[in-house]
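Structure, as structure tokens:
The values are calculated or read from the model by the stated rules, or taken from the named source; none is laboratory data. The model shown is predicted, which means the values in this text are computed figures rather than measured ones. Neighbour counts run over all protein chains shown; Cβ positions are idealised from the backbone, glycine included. Surface accessibility is based on the protein's heavy atoms, side chains included, excluding ligands, DNA and RNA. Shrake-Rupley method; radii C 1.70, N 1.55, O 1.52, S 1.80 Å.
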Amino acid sequence: MSKFIAVGEVRGVHGLKGFFKITSFTENPDNIFKFKSFKIGNNHKSTNLNKIKELSNGYIVSCKEVDSREKSELIVGSLIEIDSSELPEINNQKKYYFHELINLEVKDENKKTLGKVCSVENYGSADLIEVRKKDQKDFFIPFSKATIKKVDLEKKLLLVQNVSEYLN
């Protein structure tokens, strides 16, 4: 079964020919153009992006299915996704794609279950793991050497340490 991964977002329109502005979520923003086929929203599947111009905070792009300003306005706010099978393999055992961390069980150094990872966010200063526990408010833990002890994708487990200050 295919799983789609967001690699960018349509942020606005540009001009009358259907060009649109995007923001890349890839580690190196230009890497978004290394993927072959994209899904944009619910209407455009298996499309290609053509880079028109680089901006300070993204790119102006085009695709053959979006050939007017009206069509580009319809996709503003849409995620740009790829099939997860297009992601390159990671050979380093200490690096992970964020989507691989979702639904991992989170336990502290005393093996106490704290919840499950429901998202990974970055609001500008650091990557944060959002943890959800039944009937309690979600909380964030920094994804850093100081707080993450071990990630075990096979056991679907994330061991954390030094996190008592984040639990309130």
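Considering each of 55, 79 in turn, give the residue that is over 19 Å from the mean Cα position of the chain (by Cα) and under 20 Å from residue 7 (Cα atoms).
On the way: 79 fails: over 19 Å from the mean Cα position of the chain (by Cα).
Within the list 55, 79, the selection yields 55.
Scan segment 96-106 and tell me whether some residue there is at pLDDT 90 or above and within 15 Å of the chain's Cα centre (by Cα). Reasoning before the result, please.
So the first thing to find is which residues in segment 96-106 are at pLDDT 90 or above, and the list is 104-106.
From what is left, the residues that are within 15 Å of the chain's Cα centre (by Cα) are none.
There is no residue in segment 96-106 that is at pLDDT 90 or above and within 15 Å of the chain's Cα centre (by Cα).
Can you tell me which residue within segment 22-31, out of those that are more than 13 Å from residue 63 (Cβ to Cβ) and modelled with pLDDT of 90 or more, is surrounded by the fewest Cβ atoms within 10 Å (Cβ to Cβ)? Show your work before the answer.
Step one: list which residues in segment 22-31 are more than 13 Å from residue 63 (Cβ to Cβ), which gives 23-31.
Among the residues that remain, those that are also modelled with pLDDT of 90 or more are: 23-24, 29-31.
Details: 23: 16, 24: 18, 29: 16, 30: 11, 31: 13.
Of everything passing the filter in segment 22-31, 30 is surrounded by the fewest Cβ atoms within 10 Å (Cβ to Cβ).
Looking only at residues in segment 117-130 that are of a type in the set (Ser, Thr, Tyr) and surrounded by fewer than 11 Cβ atoms within 10 Å (Cβ to Cβ), which one is farthest from residue 5 (Cα to Cα)?
Within segment 117-130, the subset of a type in the set (Ser, Thr, Tyr) is 119, 123, 125.
Narrowing the set further to residues that are surrounded by fewer than 11 Cβ atoms within 10 Å (Cβ to Cβ) leaves 123, 125.
Working: 123: 19, 125: 23 Å.
Going through the qualifying residues, I end up with 125.
Identify all residues within segment 1-21 that are over 16 Å from the mean Cα position of the chain (by Cα) and open to solvent by less than 20 Å² (accessible area, probe 1.4 Å); write none if there are none.
Of everything in segment 1-21, those that are over 16 Å from the mean Cα position of the chain (by Cα) and open to solvent by less than 20 Å² (accessible area, probe 1.4 Å) turn out to be 12, 18, 20.
Which residues, taken from segment 136-154, are surrounded by 11 or more Cβ atoms within 10 Å (Cβ to Cβ) and under 15 Å from residue 167 (Cβ atoms)?
Passing the criteria: 136, 138, 139, 140, 141, 142, 147.
How do the pairs read when you match residues in segment 60-72 that are in contact (Cβ under 8 Å) with a residue 12 or more places away in the chain with residues anywhere that are part of a helix (DSSP H, G or I) and open to solvent by less than 20 Å² (accessible area, probe 1.4 Å), using Cβ under 6 Å and keeping only pairs 6 or more apart or on different chains?
Partner pairs satisfying both residue conditions: 66/72.
Does residue 133 qualify as being free of Cβ contacts under 8 Å to residues at least 60 places away in the same chain, over 30 Å from residue 57 (Cβ atoms) and surrounded by 12 or more Cβ atoms within 10 Å (Cβ to Cβ)? Let's see the steps before the verdict.
Details: free of Cβ contacts under 8 Å to residues at least 60 places away in the same chain: yes; over 30 Å from residue 57 (Cβ atoms): yes; surrounded by 12 or more Cβ atoms within 10 Å (Cβ to Cβ): yes.
Spelling it out, residue 133 is indeed free of Cβ contacts under 8 Å to residues at least 60 places away in the same chain, over 30 Å from residue 57 (Cβ atoms) and surrounded by 12 or more Cβ atoms within 10 Å (Cβ to Cβ).
Restricting to segment 106-132, count the residues that are out of contact with any Leu (no Cβ under 9 Å at 6 or more places or on another chain) and of a type in the set (Lys, Arg). Break it down into steps so the answer makes sense when it comes.
Within segment 106-132, the subset out of contact with any Leu (no Cβ under 9 Å at 6 or more places or on another chain) is 110, 112-113, 115, 118, 123-128, 130, 132.
Applying the additional criterion that residues be of a type in the set (Lys, Arg) yields 112, 132.
Selection size over segment 106-132: 2.
State which residue is farthest from residue 14 (Cα to Cα) when the search covers only segment 62-106 and only residues that are buried (at least 17 other Cβ atoms within 10 Å of the Cβ) and among the small types (Gly, Ala, Ser).
Result: 78.
Considering segment 36-49 alone, what residues qualify as being surrounded by 13 or more Cβ atoms within 10 Å (Cβ to Cβ) and without any contact (Cβ under 8 Å) to a residue 40 or more places away in the chain?
Those that are surrounded by 13 or more Cβ atoms within 10 Å (Cβ to Cβ) and without any contact (Cβ under 8 Å) to a residue 40 or more places away in the chain: 41, 43, 44, 45, 47, 48, 49.
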